Structure formats: structure tokens, C-alpha cells
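The structure under discussion appears below in the form of C-alpha cells.
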Ligand SMILES: [Mg+2]
């Protein structure tokens, strides 16, 4: 086992919960919020989202175009996010329950790590923000406050979420049970590397799961995820029972 590409294995957990950030842990997508309010606006942003869904634009190019339209200095963007964006009301309780049960919660995001960290610290405090591993793109902030996204990899996603999950999936017989929570198209590749996908009700991810025959269970908020994960951990339910479309 190599610790280097499976950092969440450090405390030898039996379960790991990977989760998307925007629209999954947060109630509002932070990048959409910046784009809609400080950048090219909701209409063009929705059009770009459709281009991604239809395969006309890569996620990487469309997302970059949205972020490039935001001229506001980075620290002001962070302050706006802290002011306006709330976490799912069930996330904090779930996180502390998971921590008490040696279950790492790992954020896997197509967004930017400094924004995720800042909102986590603002919402749950510094200790939790330090404790939660965040696998995401980075940000280059220049002295004048202007900024750019630094992609995590060279794929069309900018950050192919399956790349960081694959080493966990390949750990062998004693590998932990892997959960994944998400709501969007970028979560499909990640879900394929895990044992149970929680897909947010009413979002694009469910359409993709049906189309690509990926097993999932729907959730409305982290209270639902908490209930199912705790049930499995405590032996009241199984992954197969949780899957809705088998
Ligand atoms: Mg999302």
C-alpha cells in the first residue's frame, strides 16, 4: 500500500466518504455564484453548461471562460462566498459523526481549493477545515488581486476526479468501503471507482447514471447520507439494499 496516493488511509479506516463540494456540500454552487453575480451572468453561464452537456465545449474551456469573466480581486470573491453561500444543514453533524467513527470525509472538487478551505473554515472552524482533505484545483493570485485557476491535471475536466479515487479502489481485498456523494456530470467518473454513489435528487448526475448504468441512491441533503452511511456502518443495512436502480 502506498500512503502517498491514498492519504485518507493514514488512520486505516474501514470506510471513506468522498464528496463533491459545489451543490453537494454547499447549497449554492460557489463558482456559479461568482459567475452570475460578478462575471458573465446567469444566461450565458447556463448556455455554457448546455454546451458542456452536449459535448460542444469541454468542461475545462467552459469553466475557464466563466472564471475569466470575473474581474473582482480574489479576496473580495472569497468574502462574497463566505457571506452568501451556506453549507448543507446536515453536513456539520455528519462530519463530526464520521470523524468520531474514524471515517475520513474527503472533498473532491472541480472548483478551487482556497475558496473551499475559506468557506469550510468560516462555516465549521479552523480545526475542521484543516482536518478535511480537499482535492481540487488551485488558484494563482497575483499582487494586484487578479487571479487564475491552476488546473490539477491535463484532462478536459481540469481535474478528472477518478484519478485520485482509483488508487483507493485498487487497494485490494482489505480496501475500505468507498462512498461518493455528488450532483453533477463531473461526478460520474468518480462514482465508477466507488461502492455506493449518493446522487442528489433533481440534478444532472441522475440522468447520467441512468444513461451509463451507474448504480446510485438519491439524497436530498446530508441528513439522508448520514442515515444510510450510519446504517451500513452499524450493520442495519447493506450497500445493495441502498441502491435504487439495480
Ligand atoms: Mg457539484
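Across the range 122-140, the number of residues qualifying as surrounded by fewer than 16 Cβ atoms within 10 Å (Cβ to Cβ) and in contact with a helix residue (DSSP H, G or I) (Cβ under 8 Å, 6 or more places away or on another chain) comes to 2.
Using the structure shown, decide if residue 46 is farther than 25 Å from residue 131 by Cβ, free of Cβ contacts under 8 Å to residues at least 12 places away in the same chain and outside the structural domain of residue 123 (by the TED database). When the stated conditions are applied, residue 46 passes them. Being touching a helix residue (DSSP H, G or I) at 6+ places or on another chain (Cβ under 7 Å), closer than 23 Å to residue 136 by Cα and surrounded by fewer than 19 Cβ atoms within 10 Å (Cβ to Cβ) is true of residue 192. If you take the residues of the range 159-175 that are modelled with pLDDT under 90 and more than 16 Å from the ligand (Cβ to nearest atom), which of them is surrounded by the fewest Cβ atoms within 10 Å (Cβ to Cβ)? It comes out as 173.
Checking every residue in the range 186-201 against the condition of being under 22 Å from residue 114 (Cα atoms), part of a loop (DSSP other than H, G, I, E, B) and in the same structural domain as residue 108 (by the TED database) gives zero matches. Please indicate, with yes or no, whether at least one residue in the range 12-30 is farther than 16 Å from residue 110 by Cα, in contact with a helix residue (DSSP H, G or I) (Cβ under 8 Å, 6 or more places away or on another chain), in contact (Cβ under 8 Å) with a residue 60 or more places away in the chain and within 16 Å of the ligand (Cβ to nearest atom). The answer is yes, given that some residue of the range 12-30 is farther than 16 Å from residue 110 by Cα, in contact with a helix residue (DSSP H, G or I) (Cβ under 8 Å, 6 or more places away or on another chain), in contact (Cβ under 8 Å) with a residue 60 or more places away in the chain and within 16 Å of the ligand (Cβ to nearest atom).
How many of the residues in the range 141-158 are buried (at least 17 other Cβ atoms within 10 Å of the Cβ) and in contact (Cβ under 8 Å) with a residue 24 or more places away in the chain? Count: 4. When the criteria are applied in full, residue 178 fails the requirement of being more than 16 Å from the ligand (Cβ to nearest atom), touching a strand residue (DSSP E or B) at 6+ places or on another chain (Cβ under 6 Å), free of Cβ contacts under 8 Å to residues at least 60 places away in the same chain and assigned by the TED database to the domain that holds residue 14. For residue 24, the conditions (1) over 25 Å from residue 94 (Cα atoms); (2) under 14 Å from the mean Cα position of the chain (by Cα) are fulfilled apart from (1).
Scanning the range 200-225 for residues that are within 13 Å of the ligand (Cβ to nearest atom) and in contact (Cβ under 8 Å) with a residue 40 or more places away in the chain, we see that the one that is farthest from residue 90 (Cα to Cα) is 204.
The values are calculated or read from the model by the stated rules, or taken from the named source; none is laboratory data. Everything quoted here is computed from the prediction, not taken from an experiment. Positions of Cβ are backbone-derived with ideal geometry, glycine not excepted, and every protein chain shown enters the neighbour counts.
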